[in-house]
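Below is one structure, written out as structure tokens; comments come after it.
Just so it is clear, none of the values below were taken in a lab; they were calculated from the coordinates. Nothing here was measured: the structure is a model prediction, and the numbers come from that model. Here the Cβ positions follow ideal geometry from the backbone for every residue, glycine too, while neighbour counts run over all protein chains shown.
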Amino acid sequence: MKGNLYIILGDDDYLVNSSAEKRINANLPTKDREFGLEVIYGSVTTGNSAKACVDNVINSVQTPSFFGGSKVTWMRAASFLPGCGRVSEYQESKDAVDKLNDFLHRGLLEGQILIITAAKIRKNSAFFKMVSGLTKIEDFGSGMKSWEQEKVAAQHLDMFIEDQGIKMGSPARKEFLLRAGFDTRTIVSELEKLCVYVGDKNEASVADVREIVSIGREAEAWDVLDAFGKRDSAELVEALQPLSGQSGISIMLSAMIDKNIREMLVLREAFDRKWITSSGNWSSSLPIEADMILKNLPGNYRAMQSWKLNKNLRYARNYTQQELRVARFRIIELREKLVSSGQPEMFLLQTALLRVMARKKRKPVASRRRE
């Protein structure tokens with residue numbers, strides 16, 4: 001192969017995109033980027049879109065730079081490669097991957113440079129085996145467990161601290177990760193903010209970290225989801241308070257809660273139909289219709305981690321199916337109000353959630369008087 005092929009994989013878009021940028025910088029001078037770099041987004045939702053994406057990529061690679069010299073094509077965030085998700089299972093997507101496979105197998109010509117980034121590629125697929133024989137695949141990992149994410153985040157933090165030339169002891173580093181979380185982009189952003197805060201002192205203490213590093217919105221958002229699942233109104237109000245005033249937070253939370261309710265609906269129905277026990281064990285003899293329903297749902301509920309399944313099932317049992325259906329309607333209604341109403345976002349969100357979580361009081365049955 002005379003041209004260059006780069007395959008970069010991983011869930012962490014900051015690391016993946018940073019690596020892609022390094023490859024671009026190594027192969028294309030900054031002054032040539034305007035006409036020598038073409039980015040084609042591979043995040044698609046249909047098989048036909050996957051076919052169009054591959055056609056565009058091949059056309060881009062084969063089209064020389066406007067002023068000559070090297071040409072870099074970046075197929076960014078491809079969602080249709082084997083193992084990437086539901087879209088990759090469509091026949092049109094498989095045909096598109098086969099076409100890309102054949103094109104790459106023939107080899108890139110001198111001056112042709114292709115970068116492919118994706119969350120993952122299934123390692124036993126023909127496409128993975130073929131490209132791994134053409135180039136070294138850079139894989140930052142995907143689907144990691146929480147302890148693995150913590151370990152990787154700590155390693156990245158150590159590296160970034162060294163790059164910044166700032167001193168930070170072990171307690172401060174632990175406090176930093178507790179507050180910033182494991183997302184690399186957030187870690188970089190918060191570390192830069194911390195460096196500006198400590199200034200010439202050039203050393204960050206635990207107190208400095210607590211003063212300036214923001215608590216990750218995602219971590220706080222999970223507190224809101226837990227309170228909603230527990231149906232604990234007081235805990236919900238307390239969890240929402242630190243998030244008040246953050247731009248766009250209500251829209252983000254409403255989307256997360258909507259997804260959560262959909263999962264709870266599936267588990268509630270599965271429990272009511274005795275497809276799953278209260279301890280989170282799926283029946284070994286599911287009816288054919290149950291097997292078909294679960295297979296066609298987005299996400300693999302039967303492969304869900306046991307701790308997550310047990311927690312979500314416990315939360316689902318706090319609501320009836322009818323209450324969860326009403327909850328979905330209320331959240332959809334809320335999302336429309338958030339973009340059209342002039343009322344404060346947090347007020348709308350809190351009001352809608354408390355309304356959904358409220359338990360209906362049963363009317364006392366009037367006792368009959370004896371004649």
The FRET efficiency for ASP258 and SER279, from their Cβ-Cβ distance with R0 = 35 Å and rounded to 0.05, is 0.80
Largest fluctuation, ARG173, ARG122, ARG76 only, Gaussian network model of the chain with Cα springs under 10 angstrom, belongs to ARG122
Computed ³J(HN,Hα) along the range 175-183: with the Karplus parameters 6.51/-1.76/1.60, θ = phi - 60°, integer Hz and x for glycine or proline, the list is 5, 4, 5, 4, 8, 7, x, 9, 6
Looking only at lysines whose Cα falls under 16 Å of LYS22's and that sit 8 or more positions away or on another chain, we get LYS31, LYS71, LYS136
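For a footprinting-style exposure proxy, rank PHE228, PHE347 by other Cβ within 10 Å, fewest first. Please report the intermediate quantities before stating the final value.
Details: PHE228 26, PHE347 12.
So the residues, fewest neighbours to most, are PHE347, PHE228.
Would you mind calculating the relative contact order of the range 202-309 from Cα pairs under 8 angstrom and at least 6 residues apart, reporting the percent as a whole number? Walk me through the numbers before you get to the answer.
On the way: 38 pairs, mean separation 14.5, N = 108.
Relative contact order, the range 202-309: 13 percent.
Based only on other Cβ atoms within 10 Å, what is the fewest-to-most ordering of TRP222, TRP275, TRP74, TRP147? Could you put the intermediate results ahead of the total?
On the way: TRP222 13, TRP275 20, TRP74 25, TRP147 8.
The most exposed by this proxy come first: TRP147, TRP222, TRP275, TRP74.
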Helix 13-27: inclination vs the chain longest Cα principal axis, degrees, rounded to 10, gives 10 degrees
Scalar couplings 3J(HN,Hα) for the range 352-360 by Karplus 6.51 cos²θ - 1.76 cosθ + 1.60 (θ = phi - 60°), nearest whole Hz, x for Gly and Pro, are 5, 5, 5, 5, 5, 7, 4, 8, 6
For the chain, the longest principal axis of the Cα atoms and the Cα long axis of helix 184-198 enclose an angle in degrees, to the nearest 10, of 90 degrees
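How charged is the neighbourhood of LEU109? Take every other residue with its Cβ under 14 Å from the Cβ of LEU109, and add Lys/Arg as +1 and Asp/Glu as -1. Present the calculation step by step, with values, prior to reporting the outcome.
Details: positive: LYS2, LYS71, ARG106; negative: GLU110.
Charge balance in the 14 Å sphere: +2.
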Log10 I(q)/I(0) at q = 0.10, 0.16, 0.18 Å⁻¹ for the range 4-139, from Debye over equal alpha-carbon scatterers, is -0.29, -0.77, -0.98
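Among the listed pairs LYS151/LYS337; LYS174/LYS311; LYS99/LYS123, which are separated by more than 29 Å between their Cα atoms?
Those over the limit are LYS151/LYS337.
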Listed with the fewest Cβ neighbours within 10 Å leading, LEU28, LEU349, LEU134 appear as LEU134, LEU28, LEU349
